[in-house]
Amino acid sequence: MGGQADPWPSCLDVGSVRQESSDPLRFTARADDADVPLLPVARTHHRRRSVYWLTGELPAPPPEFAASHRFDETSGTAAPDATGHGRTAQLVGGASCLAEGRVGGAVVLDGAAGHVALSEDLLAGASVCSLAGWVRLDGRPGAWSRIFASTPTRT
């Protein structure tokens, strides 16, 4: 590849996984013709880097954004989807837009019931997802505070 690093991670040979000791959580496997140790997530805490191995075929490249909300509106409770997919977010229960955020606008939450409700079909058909956002805390969060939460659909 002309001196450039391969953008895809190494692929772990699932058939090569073997237990190396009497420790029930210590394994070794082959990846790119080299032995690699496999550790449980709890044992990788505070290490300089963590490595996650693919098992099987490489995944398809990620799709375009499902939605993108700039929160740069100056009034109202709707935050349009900047991707053009029509997945408008709603500002609910004490949430409002602020003109100046880290990048573009921002949402101000009231610390009680304020939240942003995303489109119900936002993750329809997705097997994995990534969420990103800037967060500024003004004070100490209360018990059970969270940045992202998901409520399962009930039928």
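The values are calculated or read from the model by the stated rules, or taken from the named source; none is laboratory data. Please read these numbers as outputs of a predicted model, since none were measured by experiment. Ideal geometry is used to build each Cβ from the backbone, glycine not excepted, and the neighbour counts take in all protein chains shown. Heavy atoms of the whole protein, side chains included, go into the accessibility calculation; ligands, DNA and RNA do not. Shrake-Rupley method; radii C 1.70, N 1.55, O 1.52, S 1.80 Å.
Structure summary
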read-out: Selected residue [surrounded by 10 or more Cβ atoms within 10 Å (Cβ to Cβ) and either charged (D, E, K, R) or modelled with pLDDT of 80 or more (or both)] from Ala34, Ala29; value: Ala29
read-out: In segment 100-124, the residues that are open to solvent by 100 Å² or more (accessible area, probe 1.4 Å) and in contact with a Phe, Trp or Tyr (Cβ under 8 Å, 6 or more places away or on another chain); value: Arg102, Val103
read-out: Within segment 102-129, tally of residues that are in contact (Cβ under 8 Å) with a residue 40 or more places away in the chain and assigned to a loop (DSSP other than H, G, I, E, B); value: 6
read-out: Which listed residue is at pLDDT 65 or above and not in a strand (DSSP E or B), from Ser22, Ser16; value: Ser22
read-out: Qualifying residue in segment 140-153 (condition: modelled with pLDDT under 85, on the phi < 0 side of the Ramachandran plot and surrounded by 14 or more Cβ atoms within 10 Å (Cβ to Cβ)); value: no
read-out: Ser127 vs. criteria polar (S, T, N, Q), modelled with pLDDT of 75 or more, surrounded by 13 or more Cβ atoms within 10 Å (Cβ to Cβ) and closer than 22 Å to Ala149 by Cα; value: no
